[in-house]
1. Counting only DSSP beta bridges with both residues in the chain, what percent are antiparallel, rounded to the nearest 5?
2. What are the GluC sites (Glu not before Pro) within region 1-110 that DSSP puts in a loop, where the Cβ has at most 13 other Cβ atoms within 10 Å?
3. Computed from the coordinates I sent, Kirkwood radius over Cα pairs in Å equals one of (1) 13.6; (2) 15.5; (3) 15.9. Tell me the label.
4. Distance in nm between label sites at Val5 and His42, each 7 Å beyond Cα in the beta-carbon direction?
5. What nm distance separates the two modelled labels at Lys55 and Asp34, each placed 7 Å from Cα along Cα→Cβ?
Amino acid sequence: AYSSVASTWAEAREMCHQAHLTLAEPLDPFAVADYLFTVTGHRNYWLGGRGDGSKFRWSSGEIIPSNWAPWRTGNPGNKVGTKHCLRLAPEYRTSPLMSTTCSTQLYPLCQ
């Protein structure tokens with residue numbers, strides 16, 4: 001499920017929670033990006049992952065490998081000690097994952 005209301009990562013997580021869902025943790029970000037690009041175009045979404053500069057983790061606690069194929073070139077690439085959240089950018093269908101400042105206004109993608 002996705003929303004038409006842009007929000008910070010924390011607000012997006014709360015929106016999903018209120019709907020008894022969580023921010024999405026897709027097994028196949030390529031397929032999700034391809035579908036969302038077809039449906040919503042260039043809209044970017046929050047996923048259920050955050051990083052502290054050394055590691056990115058899904059909200060479930062599982063580590064997201066920094067060499068995972070869906071990462072966009074130069075990502076995750078956040079500085080140690082800074083919080084970044086996981087963004088799905090469907091217009092980059094061959095590498096749709098990016099690390100982004102958590103206060104950025106994007107759209108929640110819930111599951």
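Here, each number is a calculation from the coordinates, and none is a lab measurement. Bear in mind the structure is a predicted one, so any value in this text is a computation, not a measurement. So basically every Cβ, Gly included, is an ideal-geometry build from the backbone, and we count neighbours across all protein chains shown.
1. Working: 17 of 20 bridges.
For the chain, the DSSP antiparallel bridge percentage is about 85.
2. Numbers: sites: Glu11, Glu14, Glu62, Glu91; in loops: Glu62, Glu91.
Here the sparse-neighbourhood loop sites are Glu62, Glu91.
3. After the calculation, the listed value that fits is (1).
4. Calculated label separation equals 2.5 nm.
5. 3.2 nm
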